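First comes the structure, then the notes that go with it.
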Amino acid sequence: MSAPASNAGYDEWLDALADGEGYALACPDGHGSLPPRRVCPECGSATLTEEPLAETGTVETYSVVHVAGPRFADDAPYVNAVADFGPVRLTGVLRGVSPDVDGVDVGDGVAVGVEERATDGEPLVVFRPAGGE
Amino acid sequence: MTDARVAGVGLTRFGSHPDRTGRDLFATAALRAFEDAGVPREDVEELNYGNFMGALAEHQGHQAPLMAEAAGLNCPATRYEEACASAGVAVREAVRTVRAGDADVVVAGGMERMTNLPTDEVTEGLAIAADDLFEVRAGVTFPGAYALMASAYFDAYGGSRRDLAHVAAKNHENALPNEYAQYRREVSVEEALDAPPVAEPLHLYDACPITDGASALVIVSEEYAADHDVDAPVAVTGTGQGTDRMALADREHLARTPAADDAADAAYADAGIGPDDVDVAEVHDCFTIAEVLALESLGFFDPGEGIGAARDGVTTADGDLPVNLSGGLKAKGHPVGATGGSQIAELTRLLRGDHPNSGHVGDAEVGVAHNAGGTVASAVVHVLEVAK
Ligand SMILES: [Zn+2]
């Protein structure tokens, strides 16, 4: 891989998520989005404020990935999920469940944080069952 | 406004050609299109060329002039990139150029070379059609993204892996007589169900293969065809394009594709027709669930109702609305940047009556092509009609 470049806005967001202080951006109409943003992607408003994510997210969909790219080779099989955290949905890897279709359900509650990718130690958005593990 | 006509189509066999360069693949398709059209190369005024991952696969950027040269053209040449909808956009811009009177003859199509890369690198290459920061770094693969949509669909509307397996079986059966198809082999519903998982709920036969190939179309104005005695019985009467939020998680509904709704609405309005007028369709079935979502966006079924279309025989070769008579991306193959052009080429052959599956749609006059990029953050729809 090429040398890690910094991605201003995203890197700070990931650091905050790792510190348990994850946030989304919100416009006055309440549309949520993820940084970096100069305008709300829904309505174009340039007035964006940071809003905390919900403590617990809800799994809206998931898949069990068996065939992974090189950066996730040692992580597979893993559960990929999209979870609703209030102002926005997040996409991440769900750990702490068995990686099969019966190991998780739509509607499950999850917490979000940042952990290391098994393959190369790079930071990864990770969900874990809420209140468990 | 002049009518845009398809004067000729050219395809390579879709499949595994790991030793063939992209320039050789595209030249093959282009030369076949010129021969089919009976239009001299000197008359071509523009080349619109689709390609997605050539910079990764062949370390080759700036491909449009290279492909013009390979096809023996000396004219303005532009590469279009919209992930899996790259050639669809290239065709759309050719149609708009001809209709606007800016050119009488435009070549549109595309090429992708993929099998020269190891599978894990192709997986990573295809993933770049998703949002790098919020999806790819979070483990989303191309099949994984459609698996997320399939799960969301099952949760919202019901349906099962068996319904999807019927889509795979149908498209494999359609590919049997198609000389350009990658997999001319039957796959049974049970075989599809028993195949190894890729990204559950999707298994191997829910996914299109990794494919090399190229497509080319010669698009001409109605006047050019008349003046030069060019036989071009199929007109592109409608074109539409739509865009959605890039990341799946940002979409309003995880099991719908509104970019394709918008593209279809625009294309139907342009052609002055509606979904009930369509006789045959080629849709973007990169995964079986994608065909279901396409049928709903094209207005053939309400949301949540398209899942049973193949199982119930509506979209099979002898059904009311045959879908993917070419074999689709699923069995014909999906050389990403060539696919949108290939769909128009197959529809043209079907409507002209010279496709091996034309017998299933003998009286067909209206066809629709649906080409999607990524998880349908981009979509292009075209309406083709037998010219009156
Ligand atoms: Zn807003």
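See the values below:
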read-out	value
Of all residues making up the range A:1-43, the number that are acidic (D, E) and assigned to a loop (DSSP other than H, G, I, E, B)	4
Single match in B:A90, B:A108, B:A103 (criterion: more than 23 Å from B:T141 (Cβ to Cβ), at pLDDT 95 or above, assigned to a helix (DSSP H, G or I) and of a type in the set (G, A, S))	B:A90
Count of residues meeting criterion [within 23 Å of B:R349 (Cβ to Cβ) and touching an Asp or Glu at 6+ places or on another chain (Cβ under 6 Å)] in the range B:280-293	4
Residue that is nearest to the ligand (Cβ to nearest atom), among those in the range A:26-60 that are small (G, A, S) and without any contact (Cβ under 8 Å) to a residue 24 or more places away in the chain	A:S45
Some residue of the range A:61-77 being within 16 Å of the ligand (Cβ to nearest atom), of a type in the set (A, V, I, L, M) and buried (at least 19 other Cβ atoms within 10 Å of the Cβ)	no
Selection count where residues are of a type in the set (D, E) and over 28 Å from B:T12 (Cα atoms), scope the range B:150-201	6
B:A55, sole failed condition from (1) surrounded by fewer than 20 Cβ atoms within 10 Å (Cβ to Cβ); (2) touching a residue at least 60 places away in the same chain (Cβ under 8 Å); (3) of a type in the set (G, A, S); (4) within 23 Å of B:T211 (Cα to Cα)	(2)
Index of the failed condition, B:F154 passing every other in (1) part of a helix (DSSP H, G or I); (2) in contact (Cβ under 8 Å) with a residue 60 or more places away in the chain	(2)
Output for the range B:144-174, where each listed residue is within 7 Å of another protein chain (Cβ to nearest Cβ) and not aliphatic (A, V, I, L, M)	B:G144, B:S151, B:D155
Test: A:E21 is away from the ligand (no atom under 16 Å from the Cβ), modelled with pLDDT of 95 or more and not assigned by TED's automatic domain parsing to the domain that holds A:G9	no
Residue that is nearest to the chain's Cα centre (by Cα), among those in the range A:80-102 that are at the interface with chain B (Cβ under 9 Å from one of its Cβ atoms) and aliphatic (A, V, I, L, M)	A:L90
Residue match in the range B:117-124 (condition: touching a strand residue (DSSP E or B) at 6+ places or on another chain (Cβ under 6 Å) and more than 9 Å from chain A (Cβ to nearest Cβ))	no
Residue among A:A68, A:A54 that alone is more than 10 Å from chain B (Cβ to nearest Cβ) and not hydroxyl-bearing (S, T, Y)	A:A54
Selection status of B:T115, more than 12 Å from B:G341 (Cβ to Cβ) and in a strand (DSSP E or B)	no
Odd one out for B:A207, checked against (1) closer than 23 Å to B:G353 by Cα; (2) of a type in the set (A, V, I, L, M); (3) under 16 Å from the mean Cα position of the chain (by Cα)	(1)
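The values are calculated or read from the model by the stated rules, or taken from the named source; none is laboratory data. None of the values given here were measured: they were computed from a predicted structure. Neighbour counts run over all protein chains shown; Cβ positions are idealised from the backbone, glycine included.
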